[in-house]
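Right, one structure below, let's go through it.
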Amino acid sequence: MHGCNGHMGQVITGIVAQDPDAEIVAGIDLVDNRDNGYPVFTNIWDCDVEADALIDFASPKATDNLLNYCVEKKLPVVLCTTGLSAEQLDKIREASREVAVLKSANMSLGINTLLSLLKDAAKVLAPAGFDMEIVEKHHRLKLDAPSGTAIALADSMNEALGNEYHMVYDRSQVRQQRDDKEIGMSAVRGGTIVGEHEVIFAGTDEVITFKHTAYSKAIFGKGAVQAGKFLAGKKPGYYDMQDVIAAEK
């Protein structure tokens with residue numbers, strides 16, 4: 001567990017402790033200040049414990065070193081960290097040629113089902129003249145905006161429409177009418193909101209809304225554990241939560 005003493009690392013530690021089919025054999029974290037029931041290494045390169053997969057919920061600052069480690073050890077990795085740069089995303093793709101990598105902007109089953117639903121909705125509603133907007137809300141401590149999940153939702157709709165649309169994150173500096181080929185995104189940061197994503201299809205005299213609300217971070221932890229089980233023993237390649245869902249059908 002990479003980032004084992006962070007909030008999500010502790011959530012996953014609790015989930016796995018109740019799962020008879022999973023075990024955390026080692027943790028990686030810059031801070032070793034508690035008894036997790038497994039050894040914790042403050043330097044990933046000091047970790048010599050054999051494992052079937054690594055789950056990452058840490059910081060983008062640690063991602064490059066993590067990928068180097070997983071490639072060298074041939075250790076499948078579930079990447080849950082958000083806010084990655086374009087260069088890091090390219091490096092993830094490169095790493096997937098040598099080791100199994102599962103990357104998803106959101107690990108919840110609900111969000112990944114929503115991604116599929118939005119593709120179907122966009123194919124019908126966008127050609128009919130419906131405008132598409134996304135409003136996402138998160139706690140005040142979240143650093144990146146818009147969220148990785150919001151971008152994934154927009155990408156799923158854009159992909160279904162032949163990638164003809166562009167994303168608009170801020171209209172405050174431009175005084176002009178909305179473009180027909182845009183997907184707007186707005187971010188709210190406040191309080192302890194775990195995560196809320198609302199996708200709006202606004203047409204003439206009617207509005208259709210898809211909404212997902214996360215009431216606990218446990219939903220992301222459960223998805224990450226499912227992904228870890230799925231990835232164990234997989235050949236090198238780039239996977240996502242859609243592969244996990246398909247395998248469970």
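The values are calculated or read from the model by the stated rules, or taken from the named source; none is laboratory data. From a predicted model like this one, the values you see are computed outputs, not experimental measurements. Reconstructed Cβ throughout: ideal geometry from the backbone, glycine too, with neighbour counts over all protein chains shown. Just so you know, the surface numbers come from the protein's heavy atoms only, side chains and all, with ligands and any DNA or RNA stripped out. Shrake-Rupley method; radii C 1.70, N 1.55, O 1.52, S 1.80 Å.
The set of residues from the stretch 227-249 being modelled with pLDDT of 95 or more, open to solvent by 60 Å² or more (accessible area, probe 1.4 Å) and not in a loop (DSSP other than H, G, I, E, B) comprises Lys229, Tyr238. Just for the stretch 193-224: of the residues that are β-branched (Val, Ile, Thr) and at pLDDT 95 or above, which one is surrounded by the most Cβ atoms within 10 Å (Cβ to Cβ)? Checked the stretch 193-224; the qualifying residue surrounded by the most Cβ atoms within 10 Å (Cβ to Cβ) is Val199.
Of the residues Asp170, Asp144, Asp179, which is closer than 29 Å to Gly3 by Cβ and either open to solvent by less than 20 Å² (accessible area, probe 1.4 Å) or not in a strand (DSSP E or B) (or both)?
Working: Asp170 fails: closer than 29 Å to Gly3 by Cβ; Asp179 fails: closer than 29 Å to Gly3 by Cβ.
Only one candidate passes the filter, namely Asp144.
Among the residues of the stretch 94-111, what is the count of those that are over 16 Å from Asp56 (Cα atoms) and either modelled with pLDDT of 95 or more or surrounded by fewer than 22 Cβ atoms within 10 Å (Cβ to Cβ) (or both)? Looking only at that region, the number is 5.
Could we say that Leu117 is in a helix (DSSP H, G or I) and crowded, with 18+ Cβ neighbours inside 10 Å here? Show your work before the answer.
Working: in a helix (DSSP H, G or I): yes; crowded, with 18+ Cβ neighbours inside 10 Å: no.
It is false that Leu117 is in a helix (DSSP H, G or I) and crowded, with 18+ Cβ neighbours inside 10 Å.
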